[in-house]
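The values are calculated or read from the model by the stated rules, or taken from the named source; none is laboratory data. This is a predicted model, so every value here is computed, not measured. Cβ sites come from the backbone with ideal geometry, for glycine too, and all protein chains shown count toward neighbours.
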Amino acid sequence: KAHLILSGVHRHYGTGDTMVRVLEAADLTVQSGELVALVAPSGAGKSTLLHLSGLLESPQGGEVEIIGIKTSQLGDRGRTQLRRSTVGYVYQFHHLLPEFTALENVSMPQLIAGKSPREAEARSMELLDLLGVGPRASHRPAELSGGEQQRVAIARAAANHPKVILADEPTGNLDPETSDLVFAALRSLIKNEGAAALIATHNHDLARRADRIVTLKGGLVVPHIL
Ligand code: ADP
Ligand code: ADP
């Protein structure tokens, strides 16, 4: 099943002489359980592609389809609702809430979505265990290593069973060994949950472990070999 489909997506910034054409007619399909690595130089449009895929930005042309829903026909409210119920976002810097434990950080989005504290806690522990940070559940972010913090952030992104997981340099501030560990955890999560994942990374060793690698060229998404 294709959880994420971009077809003929067009996105530029500015007008006239200062116009930057980032995506001209970009096509990309990511299947359930598939991990696609996005490798491209700085300024090529990786963040733009992720923001469009996560409904944080709208294209000026083309279609972004999530779980079969064509988002060009949705209003702001419909897009926000679809984003909240289907998309999980992982950032380079984890943005965990410092006053709350790992368990509470992962439970928060579930409580906001209306789950009972008991259900939320069970799901949070399932995810923390899957990512190998179960024993850290009662620790606050400052008490965790960088790799542990990032795995908690991944658990939080996955808390509400997203169909699409988007990650912008999720291992960007980690050493190579920790990056490896975090990527492996993310990969097993994606396979386990059957999410479609698009991960922007500069780390070629990690990108090679994705199911597929793509890059951005001339405003298109094209296959890439490293
Ligand atoms: P990457 O993530 O690969 O570094 P971005 O998607 O952030 O690339 O940016 C792609 C291009 O679009 C860059 O030239 C950037 O300067 C431009 N750009 C991105 N966002 C905006 C914006 N809000 N306004 C103007 N230009 C932008
Ligand atoms: P890494 O191997 O990822 O670099 P660290 O060397 O930073 O990890 O930490 C090793 C272990 O010590 C980790 O399991 C982490 O949870 C724990 N730890 C690190 N800093 C603290 C702290 N301030 N308080 C409690 N535990 C900590």
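List, please: which pairs have Cβ atoms under 8 Å, are six or more places apart or on different chains, and start with a residue in region 47-64 that is without any contact (Cβ under 8 Å) to a residue 12 or more places away in the chain and end with one that is among the small types (Gly, Ala, Ser) and within 13 Å of ligand 1 (Cβ to nearest atom)?
none
Sort out which residues of region 73-129 are closer than 21 Å to Thr48 by Cα and either among the aromatic types (Phe, Trp, Tyr) or assigned to a loop (DSSP other than H, G, I, E, B) (or both), and write them in order of number.
Leu74, Gly75, Tyr89, Tyr91, Gln92, Phe93, His94, His95
Counting only residues that are part of a helix (DSSP H, G or I), within 15 Å of ligand 2 (Cβ to nearest atom) and among the aliphatic types (A, V, I, L, M), which one in region 130-154 is farthest from Glu99 (Cα to Cα)? Don't jump to the end; show me each part of the working.
Taking region 130-154 first, the residues part of a helix (DSSP H, G or I) are 130, 134-136, 141-143, 146-154.
Within this subset, residues satisfying the condition of being within 15 Å of ligand 2 (Cβ to nearest atom) are 134-136, 141-143, 146-154.
If we keep only those that are among the aliphatic types (A, V, I, L, M) as well, we get 142, 152-154.
On the way: Ala142: 9, Val152: 14, Ala153: 15, Ile154: 18 Å.
Ranking the qualifying residues of region 130-154, first place goes to Ile154.
Can you run down the residue pairs with Cβ atoms below 8 Å, 6 or more apart or on separate chains, where the first is in region 160-184 and touching a residue at least 60 places away in the same chain (Cβ under 8 Å) and closer than 24 Å to Glu104 by Cβ and the partner is part of a loop (DSSP other than H, G, I, E, B) and among the acidic types (Asp, Glu)?
Listed pairs, sorted by first residue: none to list.
Which one of Pro141, Pro176 is at pLDDT 95 or above and either away from ligand 1 (no atom under 16 Å from the Cβ) or among the basic types (Lys, Arg) (or both)? Spell out how you get there, then give the answer.
On the way: Pro176 fails: at pLDDT 95 or above.
Going through Pro141, Pro176 in turn, just one is at pLDDT 95 or above and either away from ligand 1 (no atom under 16 Å from the Cβ) or among the basic types (Lys, Arg) (or both): Pro141.
Residues are listed down the side, and each one gets a yes or a no for (1) surrounded by 16 or more Cβ atoms within 10 Å (Cβ to Cβ); (2) of a type outside the set (Ser, Thr, Tyr); (3) at negative phi:
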{"site": "Thr86", "(1), (2), (3)": "yes, no, yes"}
{"site": "His94", "(1), (2), (3)": "yes, yes, yes"}
{"site": "Pro98", "(1), (2), (3)": "no, yes, yes"}
{"site": "Asn105", "(1), (2), (3)": "yes, yes, yes"}
{"site": "Ser116", "(1), (2), (3)": "no, no, yes"}
{"site": "Glu121", "(1), (2), (3)": "yes, yes, yes"}
{"site": "Ser124", "(1), (2), (3)": "yes, no, yes"}
{"site": "Leu131", "(1), (2), (3)": "yes, yes, yes"}
{"site": "Ser138", "(1), (2), (3)": "no, no, yes"}
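In region 9-46, which residues are in contact (Cβ under 8 Å) with a residue 40 or more places away in the chain, more than 9 Å from ligand 1 (Cβ to nearest atom), β-branched (Val, Ile, Thr) and in a strand (DSSP E or B)?
Val9, Val30, Val36, listed by residue number.
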